[in-house]
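The values are calculated or read from the model by the stated rules, or taken from the named source; none is laboratory data. No experiment lies behind these values; they were computed from the predicted model shown. Here the Cβ positions follow ideal geometry from the backbone for every residue, glycine too, while neighbour counts run over all protein chains shown. Side chains are part of the model used for accessible areas, which takes the heavy atoms of the whole protein and leaves out ligands, DNA and RNA. Shrake-Rupley method; radii C 1.70, N 1.55, O 1.52, S 1.80 Å.
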Amino acid sequence: MNKLSLIMFDVDGTLIDSLNFIVTVVNKVCVKHGQKEQSADFIKDGVGLSREKSLRRLFPDVSDAELMQIADEVKEEVSKLRGSGYKDPLFDGVEEILNKLEGKGYL
């Protein structure tokens, strides 16, 4: 039997629940541009799409240049919120699993 020498996890959406962060950022930008706030479900459906496709769902009527400006504003909002000390919560059970792995010498 081979002993594991490496365990890797995707962090965003696997270990941490970043949906609230994404919803907060997207809705700040939507409101700034006169759009209504979107539901978490609608925003979640755009996660995993390209940046352009995800933003186009929210802003279907803006020009490509305006869409790129909005993309820059999203980046700025992400930086502001992260800079404020915001921390995404771990999914339920993740801390216990990581502690078990650490106890077995994997971390």
Review point. How many residues are part of a helix (DSSP H, G or I), aliphatic (A, V, I, L, M) and either touching a residue at least 12 places away in the same chain (Cβ under 8 Å) or on the phi > 0 side of the Ramachandran plot (or both) if we restrict to segment 1-53?
Key: 8
Review point. Can you tell me which residues in segment 1-32 are surrounded by fewer than 14 Cβ atoms within 10 Å (Cβ to Cβ), of a type outside the set (Gly, Ala, Ser) and over 12 Å from the mean Cα position of the chain (by Cα)?
Key: 1, 2, 3, 4, 6, 7, 8, 9, 10, 31, 32
Review point. If we keep just the residues of segment 78-107 that are under 18 Å from residue 17 (Cα atoms), in contact (Cβ under 8 Å) with a residue 40 or more places away in the chain and not hydrophobic (A, V, I, L, M, F, W, C), which is surrounded by the fewest Cβ atoms within 10 Å (Cβ to Cβ)?
Key: 89
Check your understanding: From the list 73, 66, which residue is open to solvent by 80 Å² or more (accessible area, probe 1.4 Å) and either modelled with pLDDT of 95 or more or charged (D, E, K, R) (or both)?
Key -> 66
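Listed here are the residues, each with its yes/no results for (1) of a type in the set (D, E, K, R); (2) out of contact with any helix residue (DSSP H, G or I) (no Cβ under 8 Å at 6 or more places or on another chain).
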residue	(1), (2)
53	yes, no
58	no, no
67	no, no
81	no, no
92	yes, yes
98	no, yes
103	no, yes
Check your understanding: Taking segment 40-58 only, how many residues are surrounded by fewer than 16 Cβ atoms within 10 Å (Cβ to Cβ) and more than 26 Å from residue 93 (Cβ to Cβ)?
Key -> 7
